[in-house]
Amino acid sequence: MRSATDYIVFPLDVPSPEAAKEWVTLLSEEVGMFKVGLELFIQAGPDIVRFIRSRGARVFLDLKLHDIPATVARAMARVADLDVALATVHCGESPEMLGAAVAGSGGKVGVLGVTVLTSVSSEDIAAAGFRPELAADMTRLVMNRAETARAAGCAGIVCSGLEAAAVKKAFGPDFLAVTPGIRPASAQDSPDDQKRVTTPGQAVRWGADYLVVGRPIRDAADPREAARRIAREVQTALAAA
């Protein structure tokens with residue numbers, strides 16, 4: 001059975017491997033996984049993934065691959081060699097690209113389709129030229145892309161916690177919902193570039209499998225205690241389910 005800590009993913013959104021290693025050392029017992037994104041991976045490369053794995057922690061490699069299918073397949077094969085738990089590819093406009101990512105993974109890594117970034121609003125979708133009904137109903141767009149990801153063999157998707165319940169209802173409990181934009185209730189009114197946010201408890205009650213929690217932990221006076229508070233909120237939600 002998963003612990004509340006297993007749900008928490010801490011993003012290593014830092015510019016140097018030294019800073020990343022400090023966070024891994026500090027939080028390795030408080031979170032279930034570390035997310036390595038573009039900034040850190042460009043600076044530190046595969047070595048930072050190997051460091052995290054050497055400390056017994058799991059890795060979510062969030063590079064959001066988006067290219068022609070052949071290139072994505074080859075890139076995902078190299079990702080699979082790094083022994084990471086999860087990796088991302090944009091759902092974008094090509095089902096073939098998603099299928100190529102899954103094929104390239106060789107079953108060694110869970111491929112997640114990125115549906116709609118949590119920083120994107122309905123107004124952004126409309127301005128990008130999407131059909132009015134998709135701009136007016138973000139869940140509809142997420143579900144459309146989730147269906148494509150599921151058909152391609154992806155392990156799950158990245159979505160807002162607001163869409164997690166619909167994803168689980170449509171695609172079942174084994175299709176992963178990984179949710180960024182997590183903010184404790186006390187931080188809901190803080191200035192933020194995330195538009196579609198939920199609390200940890202809400203996201204778990206709605207079916208989220210992993211919660212990507214950055215600023216509420218990173219900016220806290222005591223990051224370890226902040227992570228523990230979030231774990232307690234997750235545990236309360238699990239107990240009530």
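The values are calculated or read from the model by the stated rules, or taken from the named source; none is laboratory data. Treat the numbers as computed from the prediction; the structure is a model and nothing was measured. Positions of Cβ are backbone-derived with ideal geometry, glycine not excepted, and every protein chain shown enters the neighbour counts. Just the protein is used for accessible areas: all its heavy atoms, side chains included, with ligands, DNA and RNA removed. Shrake-Rupley method; radii C 1.70, N 1.55, O 1.52, S 1.80 Å.
Figures for the structure shown
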{"read-out": "Net +/- balance of residues flanking A70 in space, Cβ distance below 14 Å, scoring K and R +1, D and E -1", "value": "0"}
{"read-out": "Distance (nanometres) between label positions extended 7 Å along Cα→Cβ at E29 and R78", "value": "3.7 nm"}
{"read-out": "Total lysine pairs whose alpha carbons fall under 24 Å of each other in the chain (8 or more apart, or interchain)", "value": "12"}
{"read-out": "Semi-axes of the equivalent ellipsoid for the chain, Cα gyration tensor, largest first, Å", "value": "25, 23, 17"}
{"read-out": "Per residue solvent-accessible surface (Å²) - the chain, probe of 1.4 Å", "value": "46 Å²"}
{"read-out": "Carbon + sulfur, % of accessible area of the chain - ligands and nucleic acids excluded, 1.4 Å", "value": "52 percent"}
